[in-house]
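Notes follow the structure.
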Amino acid sequence: MASEKLENNGRIRDAARTRTALLDAALEVFLRDGYAEAATEEIVAVAGVTRGALYHHFANKRELFRGVIERIQREAEETLVPAEPFDDQWEAFTVAVLASLDAVYDQATRRLLLIEAPAVLGWAEVRETHRGSTLRSVELMLQSFRPDGAENSIRESVLAHLVVAAVEEAMLYLAHSDDPQRDRNIVEAELLKVLGAARRRPSKRSPRVRSLAP
């Protein structure tokens, strides 16, 4: 029993190393050649594994690319946690949101996640791997700013969707800009306006808005 357990653990470790090697190699090749030109033969050669190992872990090149994108997303989300604690929760939240714009300057994030992934996988699929946890985190943060401590507010749920969408669009804008450094201050200023509006408490009586529908 003990020997079988050790053997199984060894297989798991070997499988994990093989998967990591494939993702490392795929990131390198996709980033260098782009998805369309990247060859699986080149990826397995860089990884030092067989084609059989590749198809054991990933059904095809698209699924391998999806694995790379999921890893980039996880790493990007980890950078959103402030390195130092903040006394002001809203300041911490703002710093985390604005830090997401810095991810645009990472070559893998810009080219693969923000430019190639929507074309290869579709924007809906790109978002599904991270939006659930991200939306919930933003919603909980917004709820914490409510003076009455109420939970499960529809307003916070709506605002969370709008804030996440605004951040995504800001990142996409910078990713496609011919000079993201030049445009960063403008994009950040407008995003801060959106966050400021999300922080403000709604008035008890909202103004009527005329419907645009005929």
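For region 103-142, taking the residues that are of a type in the set (D, E, K, R) and surrounded by 15 or more Cβ atoms within 10 Å (Cβ to Cβ), the one that is nearest to Leu64 (Cα to Cα) is identified as Glu116.
Check region 148-167 and report whether any residue there is exposed (fewer than 11 other Cβ atoms within 10 Å of the Cβ), assigned to a loop (DSSP other than H, G, I, E, B) and at pLDDT 70 or above. No, region 148-167 has no match at all. Phe86 meets all of the listed conditions (1) at pLDDT below 85; (2) not assigned by TED's automatic domain parsing to the domain that holds Ser177 but one, namely (2).
The values are calculated or read from the model by the stated rules, or taken from the named source; none is laboratory data. All of these numbers come straight from a predicted model, not from anything done at the bench. No Cβ is skipped: glycine too gets one built from the backbone with ideal geometry, and neighbour counts run over all protein chains shown.
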